[in-house]
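Asks: Dropping the structure in here first, questions after.
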Amino acid sequence: MNSTDPAQAFAAPAQFPASANGREPLLGGELRDQAVWVDEAVCIGCRYCAHVACNTFVVEASHGRSRAIRQDGDTTERIQEAIDTCPVDCIHWVPFEELESLQAELAAQTFLPLGMPRPTGHRRLKPRSRG
């Protein structure tokens with residue numbers, strides 16, 4: 001007969017404390033060197049990326065533009081396939097260190113739902129890749 005008290009399950013931490021293991025992307029680990037980022041100012045809401053890499057991209061409901069919601073949702077190859085399907089080239093690989101500043105620049109812009117005329121002053125934050 002097991003003598004473990006079932007109440008211990010409720011006292012256990014929900015997660016183990018995170019500690020550096022050397023595999024983090026910022027440390028040059030094996031996960032991924034760069035992050036995926038969507039320039040929502042350019043996105044036309046075609047949904048191709050969300051269909052190809054559905055664990056990484058989602059179409060944001062109020063504005064109809066794609067957004068990367070997870071960096072580890074799909075394989076690098078699948079994410080690259082989603083990037084390659086984008087008709088306006090608005091998905092980019094960027095260094096993890098740039099994500100915060102890119103998100104801040106994007107947050108400073110005002111978006112209308114797709115189908116409405118864009119306000120003046122919107123500009124592409126990353127140049128089109130030449131491939």
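The values are calculated or read from the model by the stated rules, or taken from the named source; none is laboratory data. From a predicted model like this one, the values you see are computed outputs, not experimental measurements. In this analysis, Cβ positions are derived from the backbone assuming ideal geometry, glycine residues included, and neighbour counts consider all displayed protein chains.
Asks: Of the numbered conditions (1) closer than 12 Å to A35 by Cα; (2) surrounded by 13 or more Cβ atoms within 10 Å (Cβ to Cβ), E100 satisfies every one except a single condition; which is it?
Replies: Answer for E100: the failing condition is (2).
Asks: Continuing with the same structure: Quick check on my filter: what residues within segment 103-127 are farther than 16 Å from H63 by Cβ, modelled with pLDDT under 80 and exposed (fewer than 12 other Cβ atoms within 10 Å of the Cβ)?
Replies: T120, G121, R123, P127
Asks: Of all residues in segment 31-79 being acidic (D, E) and under 25 Å from S101 (Cβ atoms), which is modelled with the highest pLDDT?
Replies: Among residues in segment 31-79 that are acidic (D, E) and under 25 Å from S101 (Cβ atoms), the one modelled with the highest pLDDT is D39.
Asks: What are the pairs with Cβ atoms under 6 angstrom where one residue, in segment 61-90, is in contact (Cβ under 8 Å) with a residue 12 or more places away in the chain and the other, located anywhere, is part of a helix (DSSP H, G or I) and aromatic (F, W, Y)? Sequence gap at least six, or different chains.
Replies: T85/Y48
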